[in-house]
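First the structure, in the form of structure tokens, and then the observations on it.
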Amino acid sequence: MRMSRSPDASFPGQLALTREVTAAGLHGDEAGSQQEPASVAISPAPETATESPAAPAAPEGEQSQPAVAERTPEHVRLWKFDAAVIPVDLDGGTLVPPADPKVLGWWGQPAGSAKGTTLLVGHTVSTGGGTLDDLELTPVGKIATVSGVKYRVERVKIITKAQLATRAPKLFNQAGKAKLVMVTCEGYNSATRTYAENVVVVAHPI
């Protein structure tokens, strides 16, 4: 979630999950100055998403990685991003990233799981210094490595909060197709110190 670093800055950026979303599989027991939380609320989603093209097919002869054991995410490397990862839990339906913008939070399935979403969330900082400051620039096709498990980036989107809420049941599903999802905030308004959008990166195991 993108924040402005100011003298009285705090880290209130949150991913709030409503009853509708938790019913779809988001359960905590499954394996600037004050700013408006980056909440997820179910509402109609206007078709205004900025989306990258689909990832190209793997080059001929490229082999998928052999089956790997599930691993607790402790580190992620993707493109120019390199960060430690720590577990985060739902607190009253809200998923709060680590206060340190250089550290990402993990929720959901472990890396290497055969099903469901491995979710990594983190703050960004409008003045620089956050690991995910440029998440929206991630090239499609890049390889993300989460504690040794590899995923290929297939989609990079900038979407509104409403769109994220609408897509959350599928995006964060804990029983569907295995995937890595990385989320942060975008569209910082310095006048209101709020965020209008989210960056969502979706990658699948290779």
- line: Any residue on another chain or 5+ positions along whose placed amide H is under 5 Å from the amide H of Thr94 is listed here as Leu17
task: Read phi for every residue in region 161-172 and hand back ³J(HN,Hα) as whole Hz from Karplus 6.51 cos²θ - 1.76 cosθ + 1.60, θ = phi - 60°, with x for Gly and Pro.
output: 4, 5, 5, 4, 4, 5, 8, 4, x, 7, 5, 9
query: What are the ³J(HN,Hα) values, in whole Hz, obtained from phi via the Karplus relation 6.51 cos²θ - 1.76 cosθ + 1.60 with θ = phi - 60°, for each residue of region 126-136 in sequence order, with x given for Gly and Pro?
result: 4, 9, x, x, x, 4, 9, 3, 10, 4, 5
field: Amide hydrogen neighbours beyond the local backbone of Arg155, cut-off 5 Å, H modeled
entry: Val202
query: List the lysines whose alpha-carbon lies under 22 Å from that of Lys170, not counting same-chain residues fewer than 8 positions away?
result: Lys115, Lys150, Lys157, Lys161, Lys179
- prompt: Near the amide H of Cys185, under 5 Å away, which other amide H atoms are found, from residues 5 or more places off or on another chain, if H is placed in the peptide plane?
  reply: Arg2, Thr124, Val199
Estimated distance in nm for a label pair at Ala175 and His75, the labels positioned 7 Å out from Cα along Cα-to-Cβ: 3.6 nm
- prompt: Can you list the lysines whose alpha carbon is less than 20 Å from that of Lys102, not counting same-chain residues fewer than 8 positions off?
  reply: Lys80
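Since every read-out is calculated from the coordinates, none of them should be taken as a lab result. Here the structure is a predicted model, which means the values were calculated and not measured. Every residue, glycine as well, gets a Cβ built from its backbone with ideal geometry; the counts of neighbours run over all protein chains shown.
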